[in-house]
Amino acid sequence: MLSKVLRTSALVLLAIVLSGSAIWAQSVDIVAVKPATHTLTITIKGTLGPVLSGTDPLGLDGKNGTVTVLASESLSPTKHTATSATYTLPPGAIKVTAGSNKFTTKSPSKMIINLTSTADILTLIASGKDGLMVTDITYLKAGSWTTAVLKHPGVFTPSPQTLTSATSANGPGCKVKYTIFGSTTILGFHGTGSSSSTVDPVLPEEDLDLEQ
């Protein structure tokens, strides 16, 4: 009789444990359904000049310039190698200010990251009005990014860091190339570069019952 009672108790206890485990597993699944997403912000700001090539028809030599990039850290590269990645950014992802000239991209732009032994190189290619095409090349310290950036965009460190101007059109260092009205100009650029990451807000699901 005692053994029968013990067997019954053991079965009841097993059923409770299994039921609790199932509920706990369901709770874990619910939490893991929607992981947080992040937006990367990169800001390059400083002074344009000297003129390294071209005639500078927009008169940007000596003017202040800022490039701001917003990119989802969930992006995957459209092209990559063992040491570089090219990301296609959506319209509105890049904002450019150069002197009195300002624009926000209205079409897709490109962000290219090259990891080299001497520098990590960030290249941004964007188009503006009147056929303006801008290429911003920023030399960051070697090791600013890990190789994880070749799979998804991410912050660089240290941040901020000092940016040094190129001294020749084809040499190393930061520079800005712009083409407009069939003329191409390359200017040096010095200033600071910074990056940060923020968690995107989780928007509530739309309540369809409210629609009449």
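Since every read-out is calculated from the coordinates, none of them should be taken as a lab result. This structure is a prediction, so every number in the text was calculated from the model and none was measured. Because the Cβ atoms are built from the backbone with ideal geometry, glycine has one as well, and the counts that use them run over all protein chains shown.
Each of the peptides 110-119, 71-80 was scored by the mean count of other Cβ atoms within 10 Å over its residues; in descending order, highest first, they stand as 110-119, 71-80. Extension gain for SER194 to LYS106 (0.36 nm times residue separation, less C-alpha to C-alpha distance): 29.3 nm. If you take all other residues with their beta carbon under 11 Å from the beta carbon of VAL51, and give Lys and Arg +1 and Asp and Glu -1, the sum is -1. In summary, the lysines within cross-link reach of LYS79, defined as a Cα separation below 25 angstrom excluding same-chain residues under 8 places away, comprise LYS95, LYS106, LYS110, LYS141, LYS151, LYS175, LYS177. How high is the FRET efficiency from THR157 to LYS63, r the C-beta distance, R0 35 Å, rounded to 0.05? Result of the calculation: an efficiency of 0.75. Starting from the Cα gyration tensor of the range 110-203, take the square roots of the eigenvalues, sort them a ≥ b ≥ c, and report rounded, prolate or oblate (rounded when a/c is under 1.5, otherwise prolate if a/b is larger than b/c, else oblate). Note, shape of the range 110-203 comes out oblate. Taking 0.36 nm per residue of separation and subtracting the Cα-Cα distance, full extension of the segment from LYS141 to VAL51 would add 30.0 nm. Segment ALA169..LEU70, full-extension length gain: 32.9 nm, with 0.36 nm per residue of separation and the alpha-carbon distance subtracted. With θ taken as phi - 60° and the Karplus curve 6.51 cos²θ - 1.76 cosθ + 1.60 applied, the whole-hertz 3J(HN,Hα) list for the range 92-103 is x, 7, 10, 10, 10, 10, 9, x, 8, 8, 9, 7 Hz, x standing for glycine and proline.
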